[in-house]
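Visitor: Would you mind keeping the following structure in view while I ask a few things?
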Amino acid sequence: MIARTGVIIVIVAVAILLAAPFWAAEFTITLLNYIGIYALVALGVVLLTGVGGLTSFGQAAFVGIGAYATAWLTTAEGASPWLGLFFALALTGIVAAFLGAITLRLGGHFLPLGTIAWGLSIYFLFGNLESLGRNNGITGVPPIAIGPVSLAPNDAIYYLIWGVLAVATILIANLLDSREGRAVRSLRGGVVMVESLGISVFRIRLVIFVIAALLAGLSGWLYAHMSRYVSPAPFDLRMGIQYLFMAILGGSGHILGAVVGAALITLLQNGLQDLLPHFAENGQQLEVIVFAIIYVLALQFARGGVMPFMLRYLPKPARHAPAIAEPLPRRAMPQAGIPLLTVQDLLKRFGGLEAVSRVGFEVKAGEIVGLIGPNGAGKSTVFNLVTGALKSDEGTIVFLGQDITRAGQRRIARAGIARTFQHVKLRPSMTLIDNVLLGTYVRTRSGFLASALRLDRAEEARAGAEALAQLKRVGLGEQAYDQAGNLPLGRQRVLEVARALAADPALIILDEPAAGLSRPEKLALADLLRGLRKEGVTVLLVEHDVEFVMGLVDRIVVMDFGSKLVEGLPAVVRADPRVQEAYLGSVA
Amino acid sequence: MTPDIALILGIDGIATGSIYVLVGLGLVLIFSVTRVVFVPFGDIVAFSALTLASLQLGRMPGTVYLVATLAVVACIVVTVHHWRRGEPHRIGRGLIGYGILPLLPAAIAWFFAGASLPNWAQIPLAIALVVPIAPLIERIALRPLADASVLLLLIVSVALTFALSGLGLLFFGPEGFRTKPLTTEVFRFGSVIVTSQTILMVATAIVFSLLLFLFFEHTLAGKALRATAVNRVGARIVGIRPSNTGTLAFLLASLLGAISGILIGPVTTLYYDSGFIIGLKAFVGAIIGGLISYPGTAIGAVLIGLLESFASFWSSSFKEVTVFSVLIPVLLWRSLSLEQTDEEDAEVEG
């Protein structure tokens, strides 16, 4: 019932928008045009900031580059606006790729500070370049024409603006519901987990940064040919923050938040411009103050924006069960018994402390090997060294004949090692199946463009079938569409195991997989790991539950104070007096 | 360019750079202790110079109204905060700290409005008027978000910049001012002329940098600030309140900002919104120091001063473009020299 009401609301909204030129006054159309142009930029900010977690104050500068590029080409060179579009997008894309390549490796606050700096830089450049008309700008920009139809009238370009916005929104929505889109959504919340899945964080960040800039450039192109005039003022830092707030006020996690936010701020601004001059002669400055107050209050009291409130009345996205599809092709497992992972003389220092000192062991294909030792023995550090999350100071690590000592997490993931973490690293706001689908990233190919154009559906179906199969295998098949954050901690560990399995690894490295599980759950996990061994998957695990380990593994490596103490069969290790001393203390 | 011109530009750059040093140190101080990238900090500099200019002209400085407005809002925020938390007995102290204390210098300025104060009283009064602004803003807009991510705090901080520039126009008006010279003596070294103003600027920057260093090394409060900067949770465990160290950081930084304003007032015409650019240039210097290192910030700030000075000689219209563009190679160098940054604070969804 609610879903149907929602559909009706959407249809009515679209119909009202389509018919706007027939019912609305000229001024309303102008406002709607501005809303559409702003929403296009805000859409990029939603992708970049709301979903990808990268903050940019410099989007207005990209709008400016797009607007100036087309204005200059169409006036100085007399080119067609369509050529201007190409030039605007190319220039924006190149500048964004360059700036992104420089700043996106930097963490946290450096990127937004960088965007402020180049936002100002580009703005001052517009105002000082002779060929761009300095502060006077460029006048006489020609209107866009489609064949013989000129889009000079406001209500003609209206359809172009909102058409472009609609197409862009659909493409971005498609993108977010895809292989690369999941990678984008996983960016918020620490990079170690993302890289461990074989995803290049830098590449994903760069691509969404360029996409957001291209949307801004596109908006600039529309703006230049709508207002037929460009000057530096609309591209200053104040506009940059305004775009950011459109996305935040709208609800930066939601694509439609861009449109809602752009509409809210444009209407608010328009209302204030009518209202404020009644109170003071400096209406313009009061407007700035009022906006700043609204921003600060919104961030204090409604960080989620207005979309979450509106979503209650919109239809929930249908939970389509994944289409029946073959699972993804599996790798040929290495022959049982050959050396799979060889660690020699591994050494890692943290400051003056040798957390791992000259540890060496071997794991053969098809084995389950347990790494045990008291707290602080250096077990997790060994795991982080093997998986590339940390770099060793000395020693070598060889996997399937390749030296991976210096390799990064991504190369190691692609080589066929998947892992879980001691402190669970999931994306709590994503569904279980989406979390597991992240694991299939290394086995799938579809890129950004294919995803936006929906050319990835066959592969997506196979990946979905694979993920669901892995969820069922670990006993979470019933909850596939719940949010991962709602699971109890023990189940979250099992979900990490499913994600690791979805990568089809030759070696799976589990850091305390049984912690927080009940006894029946532990037994089920042990059965699962035995099943994996039968399939030829090799398992290396750290575990504190000695009973769990002893009954499961083929061999045990014991560590204490960063060094290897003993290595051998479970029964032998259990009887070893040094192990007993390490765990229980010396008898004497 | 002759060596003489280069020398003159160099001296000029170091003088400007020493202003950026003070502002940059303040920014790093606030950031390291509170995690707030306080973008409106430059406005404190401009407001301080404008306040002194008003006092010298025998006018009532707009700062009086600005501080009064902020103090009233802060008092409301403090009262509501303590009331909702069921601790009305703490309201009184809050009102003294955020109401009476900042309003004291404002009341003095208001009382003496029109009367021309002696020179020696004008500068301390201007500083006392300006210093409460940043701590008040912190209490009103930033403290309620103290648990938020660095990025959210930065976004709020940028929004505050626009609010403050709006308030600046409201209270100071659109005209630009220059304060009376602090000293007028001129020294000649061969063909090079050095004004005592330049020497004063450089000397003040050095003295206050040293004082800051001594404060951090040798006082308990300074050590508490450093402890908070290194580890907030750890500092709490040993009994340091991050909100107290935060206020102290804002106060100290404001003092540095206000002094910078007094120093720059006689050499540059300042408008209500000039502070923004000054603050951002100091930021570029602070980023050279990685936003954590005080000596690095000082070196970076002097470099920015020099760059600005030479850039304005070559092409004054592209001066700002040059200064802000230099951030790009700086960031490149930082991104190549840093290991992949571990964004543990991003682990929490914000």
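The values are calculated or read from the model by the stated rules, or taken from the named source; none is laboratory data. The shown structure was predicted, so the numbers you read here are calculated from the model rather than taken from an experiment. Ideal geometry is used to build each Cβ from the backbone, glycine not excepted, and the neighbour counts take in all protein chains shown. Each accessible area value is taken on the protein alone, full model and side chains, heavy atoms only, with ligands, DNA and RNA left out. Shrake-Rupley method; radii C 1.70, N 1.55, O 1.52, S 1.80 Å.
Visitor: Check B:252, B:291 and return the single one that is in a helix (DSSP H, G or I), hydrophobic (A, V, I, L, M, F, W, C), in contact (Cβ under 8 Å) with a residue 60 or more places away in the chain and buried (at least 17 other Cβ atoms within 10 Å of the Cβ).
Guide: Of the residues listed, the single one that is in a helix (DSSP H, G or I), hydrophobic (A, V, I, L, M, F, W, C), in contact (Cβ under 8 Å) with a residue 60 or more places away in the chain and buried (at least 17 other Cβ atoms within 10 Å of the Cβ) is B:252.
Visitor: Checking residue B:288 against (1) closer than 23 Å to residue B:37 by Cα; (2) at pLDDT 90 or above, only one condition comes out false. Which one?
Guide: Here residue B:288 clears every test but (2).
Visitor: Also, I was wondering about something else. For segment A:466-483, check the following and say yes or no: at least one residue is surrounded by fewer than 22 Cβ atoms within 10 Å (Cβ to Cβ) and over 29 Å from residue A:445 (Cβ atoms).
Guide: Checked segment A:466-483: at least one residue is surrounded by fewer than 22 Cβ atoms within 10 Å (Cβ to Cβ) and over 29 Å from residue A:445 (Cβ atoms).
Visitor: Can you tell me how many residues within segment A:240-272 are closer than 18 Å to residue B:156 by Cβ and part of a helix (DSSP H, G or I)?
Guide: 13
Visitor: Could you count how many residues in segment B:43-65 are open to solvent by 10 Å² or more (accessible area, probe 1.4 Å) and aromatic (Phe, Trp, Tyr)?
Guide: Number of matching residues: 1.
Visitor: Do you know which of the residues in segment B:148-184 that are more than 10 Å from chain A (Cβ to nearest Cβ) and without any contact (Cβ under 8 Å) to a residue 60 or more places away in the chain is farthest from residue B:129 (Cα to Cα)?
Guide: Among those that are more than 10 Å from chain A (Cβ to nearest Cβ) and without any contact (Cβ under 8 Å) to a residue 60 or more places away in the chain, it is B:184.
Visitor: Then there is this: Look at segment B:255-278 and say how many of its residues are under 19 Å from residue B:52 (Cα atoms) and either part of a helix (DSSP H, G or I) or modelled with pLDDT of 95 or more (or both).
Guide: The first filter runs over segment B:255-278 and keeps only residues under 19 Å from residue B:52 (Cα atoms), leaving B:255-276, B:278.
Applying the additional criterion that residues be either part of a helix (DSSP H, G or I) or modelled with pLDDT of 95 or more (or both) yields B:255-264, B:274-276, B:278.
Residues in segment B:255-278 being under 19 Å from residue B:52 (Cα atoms) and either part of a helix (DSSP H, G or I) or modelled with pLDDT of 95 or more (or both): 14 in total.
Visitor: Something else now. Please tell me if residue A:49 is β-branched (Val, Ile, Thr), open to solvent by less than 70 Å² (accessible area, probe 1.4 Å) and free of Cβ contacts under 8 Å to residues at least 40 places away in the same chain. Lay out the reasoning, then the answer.
Guide: On the way: β-branched (Val, Ile, Thr): yes; open to solvent by less than 70 Å² (accessible area, probe 1.4 Å): yes; free of Cβ contacts under 8 Å to residues at least 40 places away in the same chain: no.
Against the criterion (β-branched (Val, Ile, Thr), open to solvent by less than 70 Å² (accessible area, probe 1.4 Å) and free of Cβ contacts under 8 Å to residues at least 40 places away in the same chain), residue A:49 does not qualify.
Visitor: Which one of these is open to solvent by less than 70 Å² (accessible area, probe 1.4 Å), within 26 Å of residue B:252 (Cα to Cα) and among the aliphatic types (A, V, I, L, M): B:169, B:220, B:210?
Guide: After ruling out the rest, the residue left standing is B:169.
Visitor: So, of the residues in segment A:160-176 that are open to solvent by 20 Å² or more (accessible area, probe 1.4 Å) and touching a residue at least 60 places away in the same chain (Cβ under 8 Å), which turns out to be nearest to residue A:501 (Cα to Cα)?
Guide: A:176
Visitor: Name the single residue that is nearest to the other protein chains (Cβ to nearest Cβ) among those in segment A:414-440 being farther than 19 Å from residue A:494 by Cα and assigned to a helix (DSSP H, G or I). Please lay out each step first, then the result.
Guide: Start the filter on segment A:414-440 by keeping residues that are farther than 19 Å from residue A:494 by Cα, which leaves A:414-416.
In the following step, the residues that additionally are assigned to a helix (DSSP H, G or I) were identified as A:414-415.
Working: A:414: 18, A:415: 19 Å.
Restricting to residues being farther than 19 Å from residue A:494 by Cα and assigned to a helix (DSSP H, G or I), the top hit is A:414.
Visitor: Considering segment B:22-35 alone, what residues qualify as being of a type outside the set (Gly, Ala, Ser) and open to solvent by less than 10 Å² (accessible area, probe 1.4 Å)?
Guide: B:22, B:23, B:25, B:27, B:28, B:29, B:30, B:33, listed by residue number.
Visitor: Mind counting the residues in segment A:165-193 that are closer than 26 Å to residue B:149 by Cβ and β-branched (Val, Ile, Thr)?
Guide: So the answer is 4.
Visitor: What number goes with the only condition from (1) of a type in the set (S, T, N, Q); (2) more than 18 Å from residue B:279 (Cβ to Cβ); (3) within 15 Å of the chain's Cα centre (by Cα) that residue B:48 does not pass?
Guide: So residue B:48 meets the others, but not (2).
Visitor: Quick check on segment A:130-139: of everything there that is touching a helix residue (DSSP H, G or I) at 6+ places or on another chain (Cβ under 9 Å) and in a helix (DSSP H, G or I), which residue is least open to solvent (accessible area, probe 1.4 Å)?
Guide: A:132
Visitor: Ok, one more. Kindly establish whether residue B:163 is buried (at least 19 other Cβ atoms within 10 Å of the Cβ) and aliphatic (A, V, I, L, M).
Guide: Against the criterion (buried (at least 19 other Cβ atoms within 10 Å of the Cβ) and aliphatic (A, V, I, L, M)), residue B:163 qualifies.
Visitor: What is the residue count in segment A:180-196 for residues that are open to solvent by 20 Å² or more (accessible area, probe 1.4 Å) and either hydrophobic (A, V, I, L, M, F, W, C) or part of a helix (DSSP H, G or I) (or both)?
Guide: The qualifying residues number 3.
Visitor: Next question, about the same structure. Give the residue, chosen from B:28, B:39, B:21, B:45, that is closer than 13 Å to residue B:257 by Cβ and in a loop (DSSP other than H, G, I, E, B). Spell out the reasoning first.
Guide: Numbers: B:28 fails: in a loop (DSSP other than H, G, I, E, B); B:21 fails: in a loop (DSSP other than H, G, I, E, B); B:45 fails: in a loop (DSSP other than H, G, I, E, B).
None of the other options fit; the residue is B:39.
Every residue, every condition in (1) under 23 Å from residue A:104 (Cα atoms); (2) of a type in the set (Phe, Trp, Tyr); (3) within 14 Å of chain B (Cβ to nearest Cβ), yes or no:
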| site | (1), (2), (3) |
| --- | --- |
| A:201 | yes, no, yes |
| A:205 | yes, no, yes |
| A:218 | yes, no, no |
| A:222 | no, no, no |
| A:226 | no, no, no |
| A:232 | no, no, yes |
| A:236 | yes, no, yes |
| A:241 | yes, no, yes |
| A:245 | yes, yes, yes |
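Visitor: Can you go through A:462, A:411 and tell me which one is of a type outside the set (Gly, Ala, Ser), in contact (Cβ under 8 Å) with a residue 24 or more places away in the chain and either in a helix (DSSP H, G or I) or surrounded by fewer than 22 Cβ atoms within 10 Å (Cβ to Cβ) (or both)?
Guide: None of the other options fit; the residue is A:462.
Visitor: Name the single residue that is most open to solvent (accessible area, probe 1.4 Å) among those in segment A:299-314 being part of a helix (DSSP H, G or I) and touching a helix residue (DSSP H, G or I) at 6+ places or on another chain (Cβ under 6 Å). So that I can check it myself, show each step before the final result.
Guide: Going residue by residue through segment A:299-314, those that are part of a helix (DSSP H, G or I) are A:299-301, A:307-311.
Filter again for touching a helix residue (DSSP H, G or I) at 6+ places or on another chain (Cβ under 6 Å), leaving A:299-300, A:307.
Working: A:299: 2, A:300: 43, A:307: 5 Å².
Among those that are part of a helix (DSSP H, G or I) and touching a helix residue (DSSP H, G or I) at 6+ places or on another chain (Cβ under 6 Å), it is A:300.
Each row is one residue, and each column tells you yes or no for (1) without any contact (Cβ under 8 Å) to a residue 60 or more places away in the chain; (2) open to solvent by less than 10 Å² (accessible area, probe 1.4 Å); (3) of a type in the set (Gly, Ala, Ser).
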site	(1), (2), (3)
A:85	no, no, no
A:104	no, yes, no
A:111	yes, yes, no
A:119	no, yes, yes
A:128	yes, no, no
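Visitor: Still on this structure, please answer the following. Is it the case that segment B:118-127 has a residue that's among the small types (Gly, Ala, Ser), surrounded by 13 or more Cβ atoms within 10 Å (Cβ to Cβ), within 14 Å of chain A (Cβ to nearest Cβ) and over 26 Å from residue B:293 (Cβ atoms)?
Guide: For segment B:118-127, residues among the small types (Gly, Ala, Ser), surrounded by 13 or more Cβ atoms within 10 Å (Cβ to Cβ), within 14 Å of chain A (Cβ to nearest Cβ) and over 26 Å from residue B:293 (Cβ atoms): absent.
Visitor: Still on this structure, I have one more. Quick one: would you say residue A:115 is open to solvent by less than 60 Å² (accessible area, probe 1.4 Å) and within 14 Å of another protein chain (Cβ to nearest Cβ)?
Guide: Details: open to solvent by less than 60 Å² (accessible area, probe 1.4 Å): yes; within 14 Å of another protein chain (Cβ to nearest Cβ): yes.
Against the criterion (open to solvent by less than 60 Å² (accessible area, probe 1.4 Å) and within 14 Å of another protein chain (Cβ to nearest Cβ)), residue A:115 qualifies.
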